[in-house]
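**Student:** Dropping the structure in here first, questions after.
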Amino acid sequence: MLHSFNRLQYRALKLFLRPCDYKIIKQAIHNVGLNDIPKVTATDIKKLIRQKGLAVQDGYTSFTTKCTICSGNEKSSENKVYINKTTGYFTCPKCNIHGDWNILERIIKKVKMEASIKDYIQKIQQDNQEFEKDWQNILDKTTSLSKTTEKEALEIFRLFEFPYHPEACKVLSDVRISMEHNILYFPLKNASDKVIGYRKIEAGREEEAENHGHHTAGLFWCKAHKVGHNAQAVLVPSVHDVLHLAAHKIPGSLVWLNNCNLPPVVLPTLEGYQKLCLWGDWDNMRAVAEKLGEERCRFVRPTDGLVTASETAAANLSLKALVSEAKPAAHRSITTFSALRDDVYAELTNIDKVRGVKWRRFPALTRLLGGHRRGELTVLTGPTGCGKTTLCAEMSLDLAQQGVNTLWGSFEIRNSRLARTMLQQFAGVPLEHNLHDFHKYADDFQKLPIYYLAFHGQQPIKVVMEAVEHARYMHDIAHVVVDNVQFMLGVAEDRDGDRYLRQDAVVAAFRTFATARHCHVTLVMHPRKERESEDLSTSSIFGSAKASQEADNVLIIQDKRLTAVRGKKYLQVAKNRYSGDLGIVPLDFEKDSLSYQSKKKKTKQDDPDKLLDQCFEEYSIEDQDASDPTVKKNMQSAKLRNNKENATSYLSDILNSNRTR
């Protein structure tokens, strides 16, 4: 059950926070609403551009035409504007002007530019100038890695745990190093090879990289090795992979795709490549290939459980051979086993990854389900007030902390209340008693890839699916949570049979979405009204049997606290299509942290008196066998000689601990 602030706690929070903080907290929630969904199609974009007499080029992910903002009367091939086919978002690599389609549409249609558009362009130009000053300041205070000596370079690579080879500094020649040799600056470039952002990495804090500038539209890549710039690019998730590929002289540009994240605004940077080779976790790279255009993407299949280029290089395998043997990212028509053979072998040799992302807070659930896998549908049910939303929030929070991009569709409670619950689970302490640490917890929580649908109450399934599809494309969503299906449908005046049909349509829509988009969907559903003494089962889910039939996993919260003296609450795995393992997971709720995670067993502290007795007994100079005086004397001298110092130190520590109690 969700816990909200009471009136006194709310007043305390209101007094503590400044008025401007309310706006900050509200903006910190990553909402995805109806206004974010583009209302334009690729046909509309192409038609408008041609009506204005502008030539348009159809690319893999974008339309390319002349930039009317920075070109003027100039005739240059560099004055190009890229328009995303799906969202209509435009960007010009030369002047770095970017924005939504409605802005570009007004620029193209109007002969004279509007004042609001001028202000918008001036604001972006000011931001670009400020970034250029910032980057120039970094260039003045740092040096290139290529200018360091071999000894200095070796120490730097050891400090950052990068693989070193003689040509490594040349590969990272664009990277800047601070004078103290503890901070690296990776420039992020756009399609015109212009630096528009940078990624700052500090030694010892590699996981907390800072991004600056218009970083979402740029990528870090190394120059191709004796190959045309637009011939081939190899996309990898880490710098370590880039260095290993460079050491093996892989032909093509080596692109660092940070954690396999690919915002749509960065797609123009890769638009010119005719062939893209993806090397990383297939679950993440599959979404990348879909955005980039599957017809030009190739995928390096895992070999003997070796997923990344770094793991393959450590096994002394040929990276060049694997890149040359990369297979198409998707099969258009699979009719024989030979087309599936590589995929089956990859699953068998990479079984741990196939099981999915493991829950850290719920190890017992991981043992039963194996993990959280893409492309599956999970149904969570339980009696009213048993804590379905709270449990589902913590399960999704656990995955988000491991990098699983999550979209929450909360139709029953407000997003702010849901976010407050997840924030307290994240902090692990009651927020109302730790208001002085609120901003610290909120700043860390805001970095998690969690997004919320800005809906509340009954919504048509078509509108919801449009928002979900848009969020998946924009934010690389891997997990969608719907809480709950019955509340989303609402209580209409339709007959019961019609309501069941509408619920079946919702389940079918999310089932299709999970399979087609390779995304995990969790549906929270209410059960039918059963007797309190009876256990819930898969047939207890409200509606027809379609939900339990379509689901890959069925999780049921069984609450026996009100029907038995020593009744417990536990999570039952009633269906597991992956491995078939069924069982229960005990749930012990901790109110302070709103958490169900398993408690750590406390080790009993040893009694000091008992330890003291054992110490005296261990280091006693009396021997139990006193029949032989010579043996007794030798044993006494040996014990005294070997254990005198240890005994004194041990007794002193115990006596001091007793004295401080």
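**Student:** Is it the case, given these coordinates, that SER146 is of a type in the set (Ser, Thr, Tyr) and over 30 Å from ILE49 (Cα atoms)?
**Tutor:** So SER146 passes the test.
A quick yes/no check of all residues on (1) in a loop (DSSP other than H, G, I, E, B); (2) more than 22 Å from ASN35 (Cα to Cα); (3) assigned by the TED database to the domain that holds ARG517; (4) of a type in the set (Asp, Glu):
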{"residue": "LEU391", "(1), (2), (3), (4)": "no, yes, yes, no"}
{"residue": "SER396", "(1), (2), (3), (4)": "no, yes, yes, no"}
{"residue": "GLN402", "(1), (2), (3), (4)": "yes, yes, yes, no"}
{"residue": "PHE426", "(1), (2), (3), (4)": "no, yes, yes, no"}
{"residue": "ASP437", "(1), (2), (3), (4)": "no, yes, yes, yes"}
{"residue": "HIS456", "(1), (2), (3), (4)": "yes, no, yes, no"}
{"residue": "MET488", "(1), (2), (3), (4)": "no, no, yes, no"}
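**Student:** Restricting to the range 543-562, give me the number of residues that are closer than 22 Å to THR515 by Cα and open to solvent by 20 Å² or more (accessible area, probe 1.4 Å).
**Tutor:** Step one: of the range 543-562, the residues closer than 22 Å to THR515 by Cα are 544-555.
Retained after the next criterion (residues that are open to solvent by 20 Å² or more (accessible area, probe 1.4 Å)): 544-546, 548-550.
Total satisfying the criteria: 6.
**Student:** In the range 158-180, how many are surrounded by 12 or more Cβ atoms within 10 Å (Cβ to Cβ), assigned to a loop (DSSP other than H, G, I, E, B) and either modelled with pLDDT of 95 or more or in contact with a strand residue (DSSP E or B) (Cβ under 9 Å, 6 or more places away or on another chain) (or both)?
**Tutor:** Step one: of the range 158-180, the residues surrounded by 12 or more Cβ atoms within 10 Å (Cβ to Cβ) are 159-160, 162-165, 167-178.
Keeping just the survivors that are assigned to a loop (DSSP other than H, G, I, E, B) gives 160, 162-165, 167, 172-175.
Among the residues that remain, those that are also either modelled with pLDDT of 95 or more or in contact with a strand residue (DSSP E or B) (Cβ under 9 Å, 6 or more places away or on another chain) (or both) are: 160, 172-175.
Qualifying residue count for the region: 5.
**Student:** Evaluate the following for ARG577: is it over 20 Å from GLY387 (Cβ atoms), among the charged types (D, E, K, R) and crowded, with 20+ Cβ neighbours inside 10 Å?
**Tutor:** Taking the combined requirement at face value, the residue does not satisfy it.
**Student:** Here's something else I'd like to know. Can you tell me which of (1) surrounded by 23 or more Cβ atoms within 10 Å (Cβ to Cβ); (2) not in a strand (DSSP E or B); (3) not aliphatic (A, V, I, L, M) is the one TRP408 doesn't meet?
**Tutor:** Exception for TRP408: condition (2).
**Student:** Which one of the conditions (1) crowded, with 16+ Cβ neighbours inside 10 Å; (2) touching a strand residue (DSSP E or B) at 6+ places or on another chain (Cβ under 7 Å) does GLN402 fail to meet, given that it meets all the rest?
**Tutor:** (1)
**Student:** Quick check on this structure: which one of ARG296, ARG286, ARG355 is modelled with pLDDT of 80 or more and touching a strand residue (DSSP E or B) at 6+ places or on another chain (Cβ under 6 Å)?
**Tutor:** Going through ARG296, ARG286, ARG355 in turn, the sole match is ARG296.
**Student:** For residues that are of a type in the set (D, E, K, R) and under 23 Å from ASN84 (Cα atoms), scanning just the range 103-155, find the one that is surrounded by the most Cβ atoms within 10 Å (Cβ to Cβ).
**Tutor:** GLU105
The values are calculated or read from the model by the stated rules, or taken from the named source; none is laboratory data. In this text the structure is predicted, and so the values were computed from the model without any measurement. Note: ideal-geometry Cβ built from the backbone for every residue, glycine included; neighbour counts use all protein chains shown. Heads up: the accessible areas ignore ligands, DNA and RNA and are worked out on the full protein's heavy atoms, side chains in. Shrake-Rupley method; radii C 1.70, N 1.55, O 1.52, S 1.80 Å.
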